[in-house]
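The values are calculated or read from the model by the stated rules, or taken from the named source; none is laboratory data. Computed from a predicted model, the values in this text were never measured in an experiment. Please note: Cβ atoms are built from the backbone with ideal geometry, for glycine as well, and neighbour counts cover all protein chains shown. The accessibility values were calculated without ligands, DNA or RNA, using every heavy atom of the protein model including side chains. Shrake-Rupley method; radii C 1.70, N 1.55, O 1.52, S 1.80 Å.
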Amino acid sequence: MRFLRRSTTDTAAEEPETTDAVDVGGKAFTPGKGKATPKRRDAEAKKRGPVAPPPTTMREAMKRNKELRKANPQTKEDRRAAAKARREAMMRGDDKALLPRDRGPVKAYVRDLVDSRRNLLGLFMPLAIVVFLALLVPLPQVQSYITLLCTAMLLVMAIEGFVNGRKIAKLVREKFPKEAVNGRSIGWYAFVRASQIRKLRVPKPRLKPGDPIPN
């Protein structure tokens, strides 16, 4: 006797479409893509393209800078104006424009302490010029006297810088008791500041010799 049965065509039509999920041990499992998913930084680097190697010669560096200037629409006058603005902000003592070594209220207080005093260290650079000129004098006796005098002044300057550094470090600790003050670092900073000619100090002195230190 022949039984009625569905045709293979109907059976295939009723079968659901296969998906990527496979039932393994009662749990859905999606087979892998066959390769690892690239990291975000790798994908972004691929979009940007390969990174150019650093220049090996001065000519290559100058050529690359020229290409960057062409890609950047900023004109030469704009760059000069920006550099001038940064220089003026630095000379004013704007904390954002200063170098990291000069930033912070502690360093500003040290500069005020140094600028409000007259120091022999301020003659350091002029003294170096005198020593250089003394070497050009053809008289050995004059050279000996000038060398001896300069050596004595350098010794006095060194003693003065050491003493002032200790005093300034003590005043800084009293002014900023919550700050971790390194005495050597503060003393050296004060020494370098005092050894510079007043007009060449960066930032410019806010106080004149003899002015009181603001609170």
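Structure data summary
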{"read-out": "Some residue of the range 80-103 being charged (D, E, K, R), open to solvent by 70 Å² or more (accessible area, probe 1.4 Å) and at pLDDT below 85", "value": "yes"}
{"read-out": "Complete set of residues in the range 156-215 that are open to solvent by 50 Å² or more (accessible area, probe 1.4 Å), within 19 Å of Leu120 (Cβ to Cβ) and not hydrophobic (A, V, I, L, M, F, W, C)", "value": "Arg166, Lys167, Gln196, Arg198, Lys199, Lys208, Gly210"}
{"read-out": "Close pairs (7 angstrom Cβ cut-off, 6 or more residues apart or separate chains): closer than 24 Å to Ile129 by Cα in the range 148-174, open to solvent by less than 100 Å² (accessible area, probe 1.4 Å) and outside any helix (DSSP H, G or I) anywhere", "value": "Glu160/Asn119"}
{"read-out": "Criterion: in a loop (DSSP other than H, G, I, E, B) and more than 28 Å from the chain's Cα centre (by Cα) - qualifying residue of Pro212, Pro177", "value": "Pro212"}
